[in-house]
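Reading through the structure tokens given below for one structure.
The values are calculated or read from the model by the stated rules, or taken from the named source; none is laboratory data. These figures come from a predicted structure and were not determined experimentally. Heads up, the Cβs are rebuilt from the backbone with ideal geometry, glycines too, and the neighbour counts pull from every protein chain shown. Just so you know, the surface numbers come from the protein's heavy atoms only, side chains and all, with ligands and any DNA or RNA stripped out. Shrake-Rupley method; radii C 1.70, N 1.55, O 1.52, S 1.80 Å.
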Amino acid sequence: MSPPKSSSRPNTSSPNPAALFFRDAEQLLTLGGRTVPRRGRDLGELGIARGGALLAVDGKIAGAGRTRELESTARRLKARNIDCRGRVVMPGFVDSHTHLVFAGSRVDDYVKRLEGATYEEIASAGGGIRLTARLVAEASPRALLRQALGFLDEFAACGTTTAEVKTGYGLDVETEIKMLRVIHQLSAHPDAKVELVPTLLAAHALPAAFEGRRKDYLDAVINRLIPFAAARKLARFIDCFCDRGAFSVAECQRVLSAGAALGLVPRLHAEQLARTGGTRLALQVGAASADHLDHLTAADIRALARSETVATLLPGSNFHLGIRRYAPARRLIDAGAAVALATDFNPGTSPTVNMQFILSLACAAMHLTPAEAICAATLNAAHSLRMSERIGSLERGKQADVIVMDVDDYRKIPYYFASNHCVMTVKGGRIVHSRLDDARRRRV
């Protein structure tokens with residue numbers, strides 16, 4: 001292995017801290033130049049430039065192309081040179097489905113599943129979402145903030161630059177508000193390395209205190225919690241867990257409609273454990289995203305393909321739960337649906353922050369190509385958050401959310417599975433993670 005090389009054209013004077021020049025990349029993946037979201041064959045178009053370069057100035061992308069086309073401008077601006085020889089430069093990952101804020105873990109649930117208990121059996125015995133809700137209720141906001149900041153460091157180190165964050169472990173109005181406030185504090189925290197997008201998911205599970213009084217709980221969510229969150233702009237989206245053992249289509253319709261009436265954009269957990277009709281509800285309410293989708297019918301797939309709703313697939317949950325059935329990604333893509341990928345990071349069913357591992361699962365278990373997986377985890381995921389005009393691709397004028405991967409071919413990101421290839425993460429033109437000095441390029 002050879003040591004990392006210094007920049008081939010160092011600046012002769014002090015570099016401009018507001019300008020970064022990523023030069024001589026083996027592959028620059030811009031994902032530019034086509035309609036958004038990407039569907040069908042377009043999902044695999046990455047806009048690859050060999051010997052590529054990216055110039056970021058004042059947090060925005062000022063140019064992307066070949067190194068020789070941009071180096072004179074970079075030199076004039078005294079941009080800091082970042083040597084990317086033998087490496088891939090690409091957009092930061094956009095993780096469009098996470099449950100970042102929680103307390104403790106559910107490792108006991110994990111062991112019980114290994115011993116044969118089902119997800120539903122664990123939940124009925126007091127584990128699952130209700131266990132996490134109890135731990136969140138007992139935790140101080142400061143403790144929740146501290147744990148989440150630690151996880152955000154790991155997200156950034158693995159190349160994620162934007163993440164959606166759901167509530168849903170409060171299960172009462174006061175604790176859900178506590179979670180919303182923690183997410184708001186995280187978003188403004190100077191140590192937070194990842195941009196956060198808040199989602200209200202109060203209809204995640206029925207609280208034990210409301211057993212037999214489902215309508216009373218939903219009334220509290222609709223009449224108290226949603227207006228509170230909307231008025232204070234503590235959430236951008238509204239979500240429900242529409243599935244067997246959770247909430248019905250009719251119940252979720254009430255919640256999503258109430259949120260939409262106050263400006264919260266619907267999202268939906270749908271068809272994870274059984275086919276309940278959640279996908280059709282998502283289309284009916286104009287949801288930005290329908291997530292999981294393991295139990296789709298052919299008619300559901302056709303309907304998604306005709307819609308503007310993004311199908312967000314979460315293979316990490318299937319992997320961790322030991323479920324062999326995955327969402328029908330290949331059929332969705334071939335039908336023309338807009339497909340995204342996310343970690344579903346949470347303490348019970350998908351405790352991973354590494355989007356690179358999600359790419360590996362998407363390729364191995366759901367038969368996406370590496371190119372399709374990358375686009376699904378960047379540009380299409382950004383579209384599902386209504387942010388693709390600003391993030392998700394490396395195009396002039398967009399936010400400089402950039403990652404450098406220590407491989408010479410983007411296909412090696414999922415190929416070398418369960419590894420972290422990210423050696424630099426840049427958020428809005430600011431370097432938030434770097435191990436370039438320690439990196440050694442793999443020669444294969």
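Tabulated data for the structure shown
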{"item": "Some residue of segment 101-114 being in contact (Cβ under 8 Å) with a residue 24 or more places away in the chain, outside any strand (DSSP E or B), within 30 Å of Leu20 (Cα to Cα) and hydrophobic (A, V, I, L, M, F, W, C)", "result": "no"}
{"item": "Segment 249-274: number of residues that are among the charged types (D, E, K, R), free of Cβ contacts under 8 Å to residues at least 40 places away in the same chain and in contact with an Asp or Glu (Cβ under 8 Å, 6 or more places away or on another chain)", "result": "1"}
{"item": "Candidate set: segment 45-61, residues that are aliphatic (A, V, I, L, M) and open to solvent by 30 Å² or more (accessible area, probe 1.4 Å); chosen: the one farthest from Glu389 (Cα to Cα)", "result": "Ile48"}
{"item": "Segment 281-297, residues that are out of contact with any strand residue (DSSP E or B) (no Cβ under 8 Å at 6 or more places or on another chain) and in contact (Cβ under 8 Å) with a residue 24 or more places away in the chain", "result": "Gln284, Asp294, His295, Leu296"}
{"item": "Test: residue in segment 90-100 that is over 28 Å from the mean Cα position of the chain (by Cα) and either among the acidic types (Asp, Glu) or modelled with pLDDT under 95 (or both)", "result": "no"}
{"item": "Criterion violated by Thr369 - all others in (1) β-branched (Val, Ile, Thr); (2) closer than 18 Å to Glu45 by Cα; (3) touching a strand residue (DSSP E or B) at 6+ places or on another chain (Cβ under 8 Å) satisfied", "result": "(3)"}
{"item": "Output for segment 119-141, where each listed residue is in a helix (DSSP H, G or I), among the hydrophobic types (A, V, I, L, M, F, W, C), out of contact with any Asp or Glu (no Cβ under 8 Å at 6 or more places or on another chain) and open to solvent by less than 30 Å² (accessible area, probe 1.4 Å)", "result": "Ile129, Ala133, Val136"}
{"item": "Segment 327-344, residues that are small (Gly, Ala, Ser) and buried (at least 24 other Cβ atoms within 10 Å of the Cβ)", "result": "Ala327, Ala329, Ala337, Ala338, Ala340, Ala342"}
{"item": "Count of residues meeting criterion [over 19 Å from Phe93 (Cβ atoms), touching a residue at least 24 places away in the same chain (Cβ under 8 Å) and among the charged types (D, E, K, R)] in segment 30-59", "result": "3"}
{"item": "Residue match in segment 78-100 (condition: more than 22 Å from Val423 (Cα to Cα) and surrounded by fewer than 19 Cβ atoms within 10 Å (Cβ to Cβ))", "result": "yes"}
{"item": "Filtered residue count, segment 129-153, keeping only those that are touching a residue at least 24 places away in the same chain (Cβ under 8 Å) and within 20 Å of Pro198 (Cβ to Cβ)", "result": "16"}
{"item": "Arg324 vs. criteria free of Cβ contacts under 8 Å to residues at least 12 places away in the same chain, open to solvent by 10 Å² or more (accessible area, probe 1.4 Å) and charged (D, E, K, R)", "result": "yes"}
{"item": "Qualifying positions in segment 152-173 - among the hydroxyl-bearing types (Ser, Thr, Tyr) and over 22 Å from Ala418 (Cα atoms)", "result": "Thr167, Tyr169"}
{"item": "Number of positions in segment 135-181 that are basic (Lys, Arg) and closer than 17 Å to Leu385 by Cβ", "result": "1"}
{"item": "Residue selected from segment 60-81 under the condition touching a residue at least 60 places away in the same chain (Cβ under 8 Å) and basic (Lys, Arg), by the criterion nearest to Asp401 (Cα to Cα)", "result": "Lys60"}
{"item": "Boolean, Leu46 is touching a helix residue (DSSP H, G or I) at 6+ places or on another chain (Cβ under 6 Å), under 29 Å from Val165 (Cβ atoms) and not charged (D, E, K, R)", "result": "yes"}
{"item": "Lone unmet requirement of (1) closer than 24 Å to Leu114 by Cβ; (2) surrounded by fewer than 24 Cβ atoms within 10 Å (Cβ to Cβ) for Leu314", "result": "(2)"}
{"item": "Enumeration of residues in segment 96-152 that are within 26 Å of Leu313 (Cβ to Cβ), out of contact with any Leu (no Cβ under 7 Å at 6 or more places or on another chain) and polar (S, T, N, Q)", "result": "Thr98, Ser105, Thr118, Thr132"}
